[in-house]
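Heads up, the thing below is written out as structure tokens.
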Protein chains: 2
Amino acid sequence: MPLAKCLLHSWATLSMVVTLAMPPADGVAQELPSPDGVLGITLGQLAAGDCQMVDLTHALNDKSPFWPGEDYQPFQLRTIATLEKNGVSSKAFAMPEHFGTHLDAPCHFEQGQPTVDEIAATDLFAPGIVIDISMQSEMDADYRLSVADLTAWEQAHGPIPRRSIVILNTGWGRHWTNSVRYRNQDALGKMHFPGFSAEAARWLVKERSIRGVGIDTLSIDYGPSQDFIVHHIINGAGRYGLENIANLDKLPARNFFLLLAPIKISGGTGGPTRLFAVQPKNK
Amino acid sequence: MPLAKCLLHSWATLSMVVTLAMPPADGVAQELPSPDGVLGITLGQLAAGDCQMVDLTHALNDKSPFWPGEDYQPFQLRTIATLEKNGVSSKAFAMPEHFGTHLDAPCHFEQGQPTVDEIAATDLFAPGIVIDISMQSEMDADYRLSVADLTAWEQAHGPIPRRSIVILNTGWGRHWTNSVRYRNQDALGKMHFPGFSAEAARWLVKERSIRGVGIDTLSIDYGPSQDFIVHHIINGAGRYGLENIANLDKLPARNFFLLLAPIKISGGTGGPTRLFAVQPKNK
């Protein structure tokens with residue numbers, strides 16, 4: 001056995017001992033790396049492509065769905081220079097902060113909370129989990145994640161890791177290229193799409209100390225919401241929300257890691273965010 | 001010794017053997033993780049804050065310096081809603097793609113090269129090195145990095161790792177809050193700030209297979225450039241450039257890792273980029 005392979009083998013064996021020897025202590029997950037776990041992936045592996053990477057970001061263009069209302073406008077891209085005419089290709093753009101795959105900073109709905117440029121770098125890198133409510137959402141476009149859904153997820157997959165990012169896969173991502181279907185407005189203009197319930201948001205903050213929440217719709221509150229109670233709970237606790245996340249059907253329920261990178265607008269209430277998920281490579 | 005500590009100790013010992021046993025084979029650096037090296041940092045450590053993180057991104061505002069010319073305008077931020085009036089705080093913004101801390105996609109200066117949304121995720125995570133030319137730039141604002149500077153850096157710090165990102169610290173970052181000084185235009189409007197030379201850019205691409213280059217000025221080409229030869233060399237090789245990088249005085253010469261996250265504009269020639277450097281924690 002070559003030296004490197006032998007040592008890797010030893011490391012795997014040792015790590016397995018750590019994993020077996022140190023079970024979750026307090027009902028929430030342990031955060032030690034394990035040989036098959038995403039938390040054990042090194043930056044060296046990231047650089048070498050020795051992991052799976054999923055881009056959870058929708059590309060921005062003038063077809064991207066956005067929040068209804070006269071103050072919101074489509075993504076605008078204007079040509080400044082072209083290779084043919086100017087020898088350089090360059091453009092300018094305009095967009096609302098809360099547009100495309102984006103982050104809601106804690107100040108979005110609550111006084112005295114951090115703006116987007118004030119979110120600590122260490123809060124932007126965290127393990128993630130996906131809760132699939134696409135079946136429920138197919139039956140009821142106004143479906144809201146319940147605490148029972150959360151405990152059922154934990155029974156199937158183990159405790160939600162502390163300080164993780166909890167994402168709902170509602171199946172809405174497949175409507176992204178059809179703005180009308182994505183907004184799903186009724187005759188009165190009220191939108192209908194799934195979201196978190198207030199109880200589930202409170203439970204995640206209080207019982208699982210999550211870093212943030214995310215969803216594949218226009219809002220972490222369900223479509224008909226008028227009080228935006230989930231935004232208030234999440235932002236009031238100093239946590240952020242992620243909206244219009246792409247490619248959630250490509251993620252497992254757990255064992256992936258999120259790299260979040262919101263645009264750094266001084267005093268911004270949020271902004272377009274590049275969002276990547278890292279997973280161990282299939283063996 | 002507790003079990004976990006003992007195992008970490010064993011791992012450190014084993015890794016040291018790997019490092020010692022496998023010297024650089026071909027004159028460019030090996031990429032195996034070492035216990036003191038940044039490539040050995042795990043995602044678990046990233047999530048736990050068990051590393052140093054430097055945000056290399058300038059916050060965007062209407063004072064941010066930008067490229068001269070009538071087609072370039074200051075960063076604009078417009079209020080859509082406020083907590084006081086509307087119960088929610090929300091804004092919209094407008095900016096050129098090539099503004100603030102940003103990435104030049106390979107298509108910026110060359111036909112048939114990737115747009116910003118087409119850059120592979122695996123090319124956005126890489127080890128970095130910093131070459132300090134702040135002394136030379138202090139003496140000569142039009143200083144250009146030479147191949148001799150590169151070989152001198154390698155003599156002092158070892159080979160430049162393959163597929164890394166090579167960043168120049170010119171000292172220009174300290175002028176960021178003073179647009180006039182940052183542009184440094186003479187009576188004829190010509191700008192004066194340091195950059196890469198064509199020879200150094202070619203050497204980095206051909207001899208060290210770098211992923212990209214970066215700088216703390218408005219351009220990877222030096223201020224007086226009219227032919228933008230460095231842009232053509234870098235973009236022509238399918239590589240990207242990073243401009244207006246912040247906080248370079250907080251980085252060592254090597255042993256840090258870069259997480260790059262450009263905004264995902266469909267067909268964009270570049271765009272504002274969140275840029276983080278990860279380093280091992282000081283022991």
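Bear in mind these aren't lab numbers, they're just calculated from the coordinates by the rules spelled out. Here the structure is a predicted model, which is why all the values come from computation and not from measurement. With ideal geometry, Cβ positions are generated from the backbone for all residues, glycine too; neighbour counts draw on all protein chains shown.
List the distances, in nm to one decimal, from the label point of A:Thr79 to the label points of the same position in every other copy, shortest first, placing each label point 7 Å from Cα along the Cα-to-Cβ direction.
Label-point distances to the other copies, shortest first: 3.8 nm.
Compute the label zone of B:Glu207 within segment B:134-160: residues whose backbone N is under 19 Å from the point 7 Å along Cα-to-Cβ.
The answer is B:144-160, whose backbone nitrogens lie closer than 19 Å to the label point.
Given the C-alpha centroids of segment A:245-283 and segment B:257-283, what is the distance between them in whole angstrom?
Using only Cα atoms, the two centres lie 13 Å from each other.
Along the charge dipole of chain B, which of B:Leu204, B:Ile133, B:Gly49 sits closest to the positive end, that is, farthest toward it, with unit charges on the beta carbon of Lys, Arg, Asp and Glu (+1, +1, -1, -1)?
Selected residue: B:Gly49.
Name the shape class, rounded, prolate or oblate, that the alpha-carbon gyration tensor gives for the protein assembly as shown, where a ≥ b ≥ c are the square roots of its eigenvalues, rounded holds for a/c under 1.5, and otherwise prolate holds if a/b is larger than b/c and oblate otherwise. Working shown, then result.
Numbers: a/c = 2.02, a/b = 1.13, b/c = 1.79.
It is oblate, given that a/c is not under 1.5 and a/b is not larger than b/c.
Sort all Cα-Cα distances of segment B:170-283 into consecutive 5 angstrom bins from zero, then give the percent of pairs in each bin up to the one containing the longest distance.
2, 10, 18, 20, 22, 16, 8, 3, 1, 0, 0
With only alpha-carbon pairs counted, each pair once and no self-pairs, how large is the Kirkwood hydrodynamic radius of chain B in angstroms?
For chain B, inverting the mean 1/r across all distinct Cα pairs yields 20.2 Å.
Using helices alone, what [θ] at 222 nm do you get for the protein assembly as shown, with -39,500 (n - 2.57) per DSSP H run of 4 or more residues, divided over all residues and rounded to the nearest 500?
-7000 deg cm²/dmol
Normalising by the residue count of chain B, find the relative contact order in percent from Cα pairs under 8 Å and 6+ residues apart.
Values: 585 pairs, mean separation 77.5, N = 283.
Contact order relative to length: 27 percent.
Among B:His175, B:Thr115, B:Tyr143, flag the residue with its Cα farthest along the positive direction of the charge dipole of segment B:91-206, charges on Cβ as +1 for Lys/Arg and -1 for Asp/Glu.
B:His175
Which residue, A:Arg144, A:Arg162, A:Arg78, has the most motion in a Gaussian network model of chain A that connects Cα atoms within less than 10 Å?
A:Arg78
To check you understand DSSP bridge types, tell me what percent of the beta bridges within segment B:55-279 (both residues inside) are antiparallel, rounded to 5.
Given both bridge residues lie in segment B:55-279, the antiparallel proportion sits at roughly 60 percent.
So, in nm, how far is label B:Asn86 from label B:Arg181 when the simple model puts each one 7 Å beyond its Cα toward the Cβ?
Here the modelled spin labels are 3.8 nm apart.
Quick one: label points 7 angstrom along Cα→Cβ at A:Asp62, distances to the other copies in nm, smallest first?
Computed spacing set for this position: 2.8 nm.
Can you give the three extents of the C-alpha atoms in segment A:52-137 along their principal axes, from longest to shortest, in whole Å?
So the three principal-axis extents are 49, 36, 33 Å.
Would you mind checking the pairs A:Lys264/B:Lys91; B:Lys63/B:Lys190; A:Lys250/A:Lys281; B:Lys206/B:Lys250 and listing those with alpha carbons more than 19 angstrom apart?
Working: A:Lys264/B:Lys91 13 Å; B:Lys63/B:Lys190 21 Å; A:Lys250/A:Lys281 13 Å; B:Lys206/B:Lys250 29 Å.
As for pairs spanning more than 19 Å Cα to Cα, those are B:Lys63/B:Lys190; B:Lys206/B:Lys250.
Once phi is turned into ³J(HN,Hα) by the Karplus curve 6.51 cos²θ - 1.76 cosθ + 1.60 with θ = phi - 60°, what whole-Hz value does each residue of segment A:114-126 show in order, with x for glycine and proline?
x, 7, 4, 7, 9, 5, 5, 3, 5, 8, 9, 10, 7
Can you list, shortest first in nanometers, how far A:Gly158 lies from the same residue in the other copies, with each label 7 Å from Cα toward Cβ?
3.4
How do B:Val166, A:Val230 line up, fewest other C-beta atoms within 10 Å first?
Details: B:Val166 24, A:Val230 27.
Least to most surrounded, the residues fall as B:Val166, A:Val230.
So what's the gap between the Cα centers of segment A:57-100 and segment B:32-105, to the nearest angstrom?
The two parts, judged by their Cα centres, are 18 Å apart.
Hey, what did segment B:222-277 get for relative contact order, percent, Cα under 8 Å, at least 6 apart?
Normalised by residue count, the contact order of segment B:222-277 is 22 percent.
Return the single residue from A:Phe257, A:Phe193, A:Phe228 with maximal mean-square fluctuation; model: Gaussian network over chain A, springs between Cα atoms under 10 Å.
Per the Cα network of chain A with a 10 Å cutoff, A:Phe228 tops the list.
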